[in-house]
Amino acid sequence: LENSFQLHTGSPHYVLLDTNHEAAHVLEIGQQIRYNETYQKEGINVNLLEITASGIRVATYERGVEAETLSCGTGVTAAALVYAQLQNISTGSVKVQTKGGQLQVQWNAQPDGSFTDVYLTGPAQFIFSGTYEPSR
């Protein structure tokens, strides 16, 4: 597809410039790309990227889950690095809005096209405590 990018940020990501982040659209586009001949066997995460006045918005269809997820760290990072390339920002950061909340990604682009010092930051919330007793 036009305006699409593929990169690996710990897992494979397909980033598509698309401003429609409605749940049904994310599911439809995500399934079309994830299950086409190229990606069907290994799978690929699909991230819809919108560039906004205050940063970027990202919606993610995640392989394995086979549905939209509210946020995906490697997907947000992939989308931010595409944004960095499109905006020609060699060292910087961007605010990322997902359905799960707001995050931030910072980076340093290298002359060979790779990135170093990539950091994803955002809020953390304690949600569970438990004890596990292994069986013998």
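The values are calculated or read from the model by the stated rules, or taken from the named source; none is laboratory data. From a predicted model like this one, the values you see are computed outputs, not experimental measurements. For the accessible areas, the whole protein counts, side chains as well, though only heavy atoms, and no ligand, DNA or RNA atoms are used. Shrake-Rupley method; radii C 1.70, N 1.55, O 1.52, S 1.80 Å.
Key figures for this structure:
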read-out: Two-decimal Rg to Rh for segment 63-115 - Kirkwood Rh, Cα set; value: 1.03
read-out: Among Asn45, Asn20, Asn36, residue whose mean-square fluctuation peaks in a GNM of the chain (springs only between Cα atoms under 10 Å); value: Asn36
read-out: Accessible area, probe 1.4 Å, largest first, for residues Arg136, Arg63; value: Arg136, Arg63
read-out: Selected from Val105, Val65, Val118 as most flexible by GNM, with the chain as the system and alpha-carbon contacts under 10 Å; value: Val65
read-out: Whole-number D in µm²/s for segment 20-95 (Stokes-Einstein; Kirkwood sum over Cα pairs; 20 °C, 1.002 mPa s); value: 165
